[in-house]
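The values are calculated or read from the model by the stated rules, or taken from the named source; none is laboratory data. As the structure is a computational prediction, the values presented were derived from the model and not from experiment. Quick reminder, even Gly has a Cβ in these numbers, built from the backbone with ideal geometry, and neighbours come from all protein chains shown. Ligands, DNA and RNA are stripped out before the accessible areas are found, and what is left, the full protein with its side chains, is counted by its heavy atoms. Shrake-Rupley method; radii C 1.70, N 1.55, O 1.52, S 1.80 Å.
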Amino acid sequence: PRKIDVGITLGRAGTPFDEDSAGEIAEWIKWILPDAIVDEAVALLISHGFEITGRSRCTLSLRAAPELFERYFSSRLDIERLPGRPGAPVTYQVTIAKEVRIPKRFKGVIGTVTIQRPSRNQMAVSATPPAVPAAYFLGLDDVSRILGATAVGGRFTGAGVRLTMIDTGFEFGHPFFAGKGLHTEVLLAGGAHSKDKDGSGHGTGCSANVFAVAPGVDFTGIKIGDDVDGADGSAPLLVGFQRALGFDPAHPGERSSARRPLPNIISVSVSCGEKPGTPRWNNLPSDLTPLEACVREAVLASGITVVAAAGNDGERGFPGQMKHVISVGGVFKPKQGPLRASNFASAFTSRVYGSRKVPDVCGLCGERTDDADYIMLPVPAGSDHDRDFGVVDGTGKHDGWARFSGTSAATPQVAAVCALLLEKNPGLTPSQLKSILMATATDVDQGNAAGMDGNTGLAAATKTDGATGAGLVNAVDALARA
């Protein structure tokens, strides 16, 4: 590769601590370095040829030629070209073969240095979806009704609440979005191009779940997908978080969060989690340490509510398994019969974070038996999702609609319910929001979640359980308690 993505924690930001201890959380926040010290370090890195692609109060993202990285950090990289389908962008796996050495001038400033991994999707256009005969699925009106948002829509719409979603892109020129008076903005992160394009379709489709529940929200989409090198070449999730926390690519030498208000909520449907068939995590992989620090900064130091997917089909989602994140699983509502745990949505106990049980609550999600083709969503005509799902879901390959779900779709549903709560009570903290959602969720006691490697997952049970957490979010009851 001509350039590699580097993630850095600053100072002691990567130091483990007891996340259940208020005292240790406060101590961790004190370790965040003053802006002036970080500014000086950034200026020095730029002067030596590094490109700053993202920064926050406790992390940096850099791009550099492999040779520059090896020389500057006295290290050696192993670079492996990965197999791929013909015509697909070439991808590489880059690992640090020789431990990095922090230059003396950065002692106490740079904590850890890692090579970042890319994020992954969890998998003339009409403004209305096509008719698909002999198939059961939900429309966006059904999503709103089942979660209780329709019942409160006359009073709460998320107005004035800033919700940011990090994903592959957001094509709001789609006729479904046009003319609805939605408050939207798209920002670019990493190597993303084209604010008005979404080659994957994942972000566009998943964002529609936000507006189904909270149509008045102030929405900002952060695009990390790369329309030049292909949707599979998404930037690391860290740069998306750094963009959400105020990094401005036009001013890489300074922290610029003062230029725009920080979001109240960050919704994350893409993942860097532990996948089935790969070595099990007992500790967090070192290359995810900067992302972990940045998520902690968002929640613990900036008071932002982060809502993240638990994972699909047995994946153990990250950052969804972090303790202070609201982790979202899936519940399936059949055409007839009771709610049940989706056997496509992951549920697990994190080994990285002790006894942390995932998920906390659930949104609506399809099942494994039908590839989770459950919610009819608007996507860019001819995008990856339009073509791929058009083969199996009864829609066309270029009609701008696709049926898909997973915890990718469930997560923005839950984030949007959080927006309704913050509209009613702007003073709610991330932990209070999580408590309210869990205390008021609709209990689900049927079905099993997805397990690792195709195995049957945890079973739902009365009250809080391993498969669905507290159950399906309930906007009516949650607002009554907010």
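With respect to (1) crowded, with 17+ Cβ neighbours inside 10 Å; (2) closer than 22 Å to LYS323 by Cα, the lone exception for ASN448 is condition (2). With respect to (1) more than 27 Å from LEU428 (Cα to Cα); (2) of a type outside the set (Ser, Thr, Tyr); (3) buried (at least 17 other Cβ atoms within 10 Å of the Cβ), the lone exception for ALA149 is condition (1). A search for C-beta distances below 7 Å between a residue of the range 430-443 that is farther than 14 Å from LEU147 by Cβ and any residue that is part of a helix (DSSP H, G or I), counting only pairs 6+ apart in sequence or on different chains, returns PRO430/VAL299; LEU433/CYS418; LEU433/LEU421; ILE436/LEU421; ILE436/ALA478; ILE436/ARG481; ALA439/ARG481. For ASN264, the conditions (1) of a type outside the set (Asp, Glu); (2) within 23 Å of THR204 (Cα to Cα); (3) open to solvent by 10 Å² or more (accessible area, probe 1.4 Å); (4) modelled with pLDDT under 95 all hold with the exception of (4). Considering the range 157-174, the residues that are over 22 Å from ALA478 (Cα atoms) and out of contact with any strand residue (DSSP E or B) (no Cβ under 8 Å at 6 or more places or on another chain) include one that is surrounded by the most Cβ atoms within 10 Å (Cβ to Cβ), namely GLU171. Restricted to strands (runs of 3 or more DSSP E) entirely inside the range 387-482, no element has at least 3 residues that are under 23 Å from MET165 (Cα atoms) and among the acidic types (Asp, Glu). Within the range 306-321, the set of residues being under 13 Å from the mean Cα position of the chain (by Cα) and among the small types (Gly, Ala, Ser) comprises ALA308, ALA309, ALA310, GLY311, GLY317, GLY320. Within the range 129-173, if we keep just the residues that are of a type in the set (D, E, K, R) and farther than 20 Å from PRO261 by Cβ, the residue that is farthest from the chain's Cα centre (by Cα) turns out to be ARG155.
Between GLY179, GLY191, the distinction of being modelled with pLDDT under 95, surrounded by 16 or more Cβ atoms within 10 Å (Cβ to Cβ) and in a loop (DSSP other than H, G, I, E, B) belongs to GLY191 only.
Can you find a residue that is of a type in the set (Phe, Trp, Tyr), in contact with an Asp or Glu (Cβ under 6 Å, 6 or more places away or on another chain) and at pLDDT 95 or above anywhere in the range 302-320? Within the range 302-320, none of the residues are of a type in the set (Phe, Trp, Tyr), in contact with an Asp or Glu (Cβ under 6 Å, 6 or more places away or on another chain) and at pLDDT 95 or above.
ASP5 satisfies every condition listed in (1) assigned to a strand (DSSP E or B); (2) of a type in the set (D, E, K, R); (3) touching a helix residue (DSSP H, G or I) at 6+ places or on another chain (Cβ under 6 Å) except (3). Looking only at residues of the range 385-402 that are at pLDDT 90 or above and under 24 Å from the mean Cα position of the chain (by Cα), we find that the one that is surrounded by the fewest Cβ atoms within 10 Å (Cβ to Cβ) is ARG387. Consider the range 29-75 and keep the residues that are surrounded by 14 or more Cβ atoms within 10 Å (Cβ to Cβ) and among the basic types (Lys, Arg). The one that is nearest to GLY14 (Cα to Cα) is ARG57. Of all the criteria given as (1) closer than 22 Å to VAL213 by Cβ; (2) open to solvent by 10 Å² or more (accessible area, probe 1.4 Å); (3) not in a helix (DSSP H, G or I), the one not satisfied by GLY382 is (1). Within the range 1-15, if we keep just the residues that are open to solvent by 60 Å² or more (accessible area, probe 1.4 Å) and at pLDDT below 90, the residue that is nearest to THR95 (Cα to Cα) turns out to be LYS3.
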